[in-house]
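Below is one structure, written out as structure tokens, with a few remarks after it.
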Amino acid sequence: MNSGAIRELFNEAVDPPIRGFLHVPETPNNDGLILTHGAGGNAQAPLLRALADTFSVVGFTVLRCDLPFRQTRSFGPPGPGDAARDRAGLKNAIAALQKLMGDFSNLNSGKVFLGGHSYGGRQSSMLSAEEPDLVAGLLLLSYPLHPPRKPEQQRTQHLPDLRTPTLFVHGTRDPFGTIDELQRAIKMIPAKTQLLTVEGAGHDLGFKGKTKQEKLTAVVLADFQALVR
């Protein structure tokens with residue numbers, strides 16, 4: 001099956017603006033997925049592109065978007081004051097995707113899901129904890145549980161407020177959290193959760209440069225669909 005068309009999306013009519021790439025499936029299933037990047041990446045990250053293609057093939061309308069901090073600066077990590085604006089940018093992207101899905105199908109839009117790699121996933125989960133009814137499910141890729149070699153600095157404060165079904169995808173060699181540490185953190189979440197472990201993968205989940213875990217995206221899709229069904 002074909003993953004459909006890909007087109008650039010840029011909307012400066014909202015603040016923060018929306019910038020990214022929209023995957024329009026040949027046969028929409030009426031559901032949508034927003035994917036965003038980590039602190040050092042952007043919407044063109046190989047992992048996000050591969051996942052967007054895989055989800056689009058089965059009918060998801062997928063938006064890969066640059067967070068506001070990346071729209072402002074083409075490289076480098078987010079600053080201490082960027083997080084709230086980045087979450088606002090994700091909320092704008094959700095609203096835009098819902099409208100686009102309605103336009104494509106001429107029907108009421110279906111479910112919208114939110115996903116992100118590392119920092120993008122953390123901000124997605126924080127936004128969902130703040131607004132539990134905003135999206136129907138979360139896909140958290142390499143959740144940055146703590147800075148490397150600093151396990152005492154756990155980023156878990158919002159997890160007890162997270163009531164959105166969540167799939168975690170995590171490598172066994174990720175320096176931002178071990179599998180055991182992540183499993184303990186997941187127990188804090190009152191929603192339905194699942195952990196997909198990627199053996200031997202680091203924080204990039206095997207997508208670094210031209211290296212790609214070709215089969216991983218299909219497994220992520222299957223596990224995610226089973227979780228949110």
Being under 24 Å from ASP204 (Cα atoms), among the hydroxyl-bearing types (Ser, Thr, Tyr) and either modelled with pLDDT under 95 or not in a helix (DSSP H, G or I) (or both) narrows SER74, SER109, SER124 down to just SER74
Select from region 183-222 the residues that are charged (D, E, K, R) and buried (at least 16 other Cβ atoms within 10 Å of the Cβ) and write down the one among them that is farthest from THR166 (Cα to Cα). LYS212
Residue selected from region 183-206 under the condition among the hydrophobic types (A, V, I, L, M, F, W, C) and over 17 Å from PHE224 (Cβ atoms), by the criterion modelled with the lowest pLDDT: ALA201
Conditions (1) in a helix (DSSP H, G or I); (2) surrounded by fewer than 22 Cβ atoms within 10 Å (Cβ to Cβ); (3) touching a residue at least 12 places away in the same chain (Cβ under 8 Å): number failed by LYS99: (3)
Restricted to region 187-229 and to residues being assigned to a loop (DSSP other than H, G, I, E, B) and of a type in the set (Gly, Ala, Ser), the residue farthest from GLY137 (Cα to Cα) is GLY209
Please enumerate the residues belonging to region 1-44 that are assigned to a loop (DSSP other than H, G, I, E, B), within 14 Å of the chain's Cα centre (by Cα) and crowded, with 21+ Cβ neighbours inside 10 Å. HIS37, GLY38, GLY41, ALA43
By residue number, the members of region 127-137 that are assigned to a loop (DSSP other than H, G, I, E, B) and either of a type in the set (A, V, I, L, M) or crowded, with 16+ Cβ neighbours inside 10 Å (or both) are LEU134, VAL135, ALA136, GLY137
Consider region 70-98. How many of its residues are within 15 Å of GLY20 (Cβ to Cβ) and in contact with a helix residue (DSSP H, G or I) (Cβ under 6 Å, 6 or more places away or on another chain)? 3
Pairs only if they're at least six apart or on different chains, beta carbon under 6 angstrom, first in region 134-154 and touching a residue at least 60 places away in the same chain (Cβ under 8 Å), second acidic (Asp, Glu); list them, first residue then second. SER142/ASP174
Looking at THR72, is it within 15 Å of the chain's Cα centre (by Cα) and either surrounded by fewer than 17 Cβ atoms within 10 Å (Cβ to Cβ) or over 20 Å from ARG163 (Cβ atoms) (or both)? no
Checked region 75-96 for anything of a type outside the set (Lys, Arg) and either closer than 19 Å to GLU8 by Cβ or surrounded by 15 or more Cβ atoms within 10 Å (Cβ to Cβ) (or both); matches are PRO78, ASP82, ALA83, ASP86, ALA88, GLY89, LEU90, ASN92, ALA93, ILE94, ALA95, ALA96
Is it the case, given these coordinates, that LEU140 is buried (at least 18 other Cβ atoms within 10 Å of the Cβ), outside any loop (DSSP other than H, G, I, E, B), among the aliphatic types (A, V, I, L, M) and in contact with a helix residue (DSSP H, G or I) (Cβ under 8 Å, 6 or more places away or on another chain)? yes
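The values are calculated or read from the model by the stated rules, or taken from the named source; none is laboratory data. Just so it is clear, the structure is predicted and the values come from calculations on it, not from any experiment. Quick reminder, even Gly has a Cβ in these numbers, built from the backbone with ideal geometry, and neighbours come from all protein chains shown.
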